[in-house]
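No value in this document is a laboratory result; all are computed from the given coordinates. Keep in mind the model is a prediction, meaning the values are calculated, not measured. For neighbour counting, all protein chains shown are included, and Cβ atoms are generated from backbone atoms with ideal geometry for every residue, glycine included.
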Amino acid sequence: MLNENIKAIRKSKGLSQQELAVKLNVVRQTVSKWEQGLSVPDSDMLISISKVLETPVGTLLGETVTETEVDNIKAISVKLEVINWQLAQRKNTRRKFIRWLFISLCAITVMVFAALVILKSPYWGWDYSDPETAILGVAFHSFEWLFVRAAPLIFIIAIIGIFLTRKKE
């Protein structure tokens, strides 16, 4: 059991028998004999092996350890693939949302501008001596004044945003 565990853990750490031997200050044949079950390391050497392999002594002496390097790599690659797919989906969803936001902004800008043109600035003909009409007229005039100056800038920014958020193929 010890021999199998040393071999499996050494391989999972990516060490050759020679590399392990160098770290333990023994010859490669000694490591080979341990792994073949022809000899057993003494207690001090067992502690050194556990330190080099970064594994508790109990694990070296305990259960059979299976080589899981290939399984771990496959599991990690599957997890990374899922994470990459999720990130791509999130990025794509965010891009679509921002694109539709810009399209909506363009549409609203055009509709408000069209409404102002069709209504032919009705605040000009209002009677500002009536307090209710005066307040409403001033509010509408302020909105129109601000919108007419800001609309071209908003529209240009929205068009640029639509262009920048298009799906690149």
remark   = Computed about the Cα centre, the charge dipole of the chain from +1 Lys/Arg and -1 Asp/Glu charges at the Cβ has a magnitude in debye, to the nearest 20, of 620 debye
query = Taking the simple approach of a point 7 Å from Cα along Cα-to-Cβ for both Val112 and Ser32, what is their distance in nm?
reply = 8.3 nm
inquiry  = Angle check, please: helix 69-119 long axis (alpha carbons) against the longest principal axis of the chain (alpha carbons), in degrees 0 to 90, nearest 10.
reply    = 0 degrees
message = Can you return the lysines within cross-link range of Lys7? Criterion is Cα-Cα under 19 Å, with same-chain partners fewer than 8 residues away left out.
response = Lys23, Lys33, Lys51
request  = Sum up the charges of everything whose Cβ sits under 14 Å from the Cβ of Ile160, counting Lys and Arg as +1 and Asp and Glu as -1, but leave Ile160 out.
outcome  = +2
ask   = Using 1/(1 + (r/R0)^6) with R0 = 22 angstrom and r between the beta carbons of Val57 and Gln18, what's the FRET efficiency to the nearest 0.05?
value = 0.45
